[in-house]
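The values are calculated or read from the model by the stated rules, or taken from the named source; none is laboratory data. Computed from a predicted model, the values in this text were never measured in an experiment. Neighbour counts are summed over all protein chains in view; Cβ atoms, including those assigned to glycine, are modelled from backbone coordinates with ideal geometry. The area values use the complete protein model at the heavy-atom level, side chains included, leaving out ligands, DNA and RNA. Shrake-Rupley method; radii C 1.70, N 1.55, O 1.52, S 1.80 Å.
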Amino acid sequence: MRYSSPYVGAPGSWIRGNFHSHCRENSPCGNIPLAQAVAQYAAVPMQVLALTDHNHITNADELQKIHPRTMLLSGFEHSRGRDMLFLGATDSRLCSLPLPEAISLASAGGKDRPALAVCHPDPSKNGDYWTAEMIRALPAMPDCLEVF
């Protein structure tokens, strides 16, 4: 199936990015080695790529030197309970805390705090995904929702 962007031709300045990615080395669901995945995203070209393995913060410094035209963000997918992305996170303590405590600690970081993104939202309330009620009950509101 081929997908078409609904934003083609829309006014404004648009950049291409992915905030939810995994690699073979650090996530059980990742199929491609980190260096190869970043190279493939950079070739698209992807202007922003967040490295968000499950409960693991990947240092992107060396890969950033190799791919200077793609902004690489550190971060992780908190998957001890409901999944949430911590975009720009560098504090590895967040990976092992229960989600409410991780959100509270991250939110206390002021202007340098990571952005929080809810993963896998689903209005059907089937029990496996985030619902609006669950999101409203968080200790801090997330900055964004995954939509695809």
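In terms of its Cα atoms, the stretch 65-148 spans 43, 28, 21 Å along the principal axes, sorted from long to short. Among C29, C119, C95, the largest mean-square fluctuation in a Gaussian network model of the chain (Cα springs under 10 Å) belongs to C29. Rounded to the nearest 10 square angstrom, I32 shows an accessible area of 60 square angstrom against a 1.4 Å probe.
Considering only A132, A50, A108, the Gaussian network model of the chain with Cα springs below 10 Å gives its largest mean-square fluctuation to A132.
The V8 and E146 beta-carbon pair, evaluated with R₀ = 30 Å, returns a calculated FRET efficiency of approximately 0.90. Computed about its Cα centre, the charge dipole of the chain is approximately 300 debye, with only Lys, Arg, Asp and Glu carrying charge at their Cβ. Of A37, P11, N55, which is farthest along the charge dipole of the chain in the positive direction, counting Lys and Arg as +1 and Asp and Glu as -1 at C-beta? Value: P11. Across the chain, the mean sequence separation of Cα contacts (distance under 8 Å, 6 or more residues apart), normalised by length, yields a relative contact order of 15 percent.
Three principal axis extents of the chain based on alpha-carbon atoms, in descending order, are 39, 34, 32 Å.
What does DSSP give for the chain in terms of the percent of beta bridges that are antiparallel, rounded to the nearest 5?
Among the beta bridges of the chain, antiparallel pairing accounts for roughly 45 percent.
Charge dipole of the stretch 60-99 (Cα centre as origin; +1 on each Lys and Arg Cβ, -1 on each Asp and Glu Cβ, all else neutral): 60 debye, rounded to the nearest 20. Heavy-atom surface analysis with a 1.4 Å probe gives the chain a carbon and sulfur content of 56 percent of its accessible area. Per-peptide packing, taken as the mean over residues of other Cβ atoms within 10 Å, places 52-60, 86-94, 2-10 in the sequence 52-60, 86-94, 2-10 from highest down. Protein heavy-atom accessible surface, 1.4 Å probe, per residue over the chain: 62 Å².
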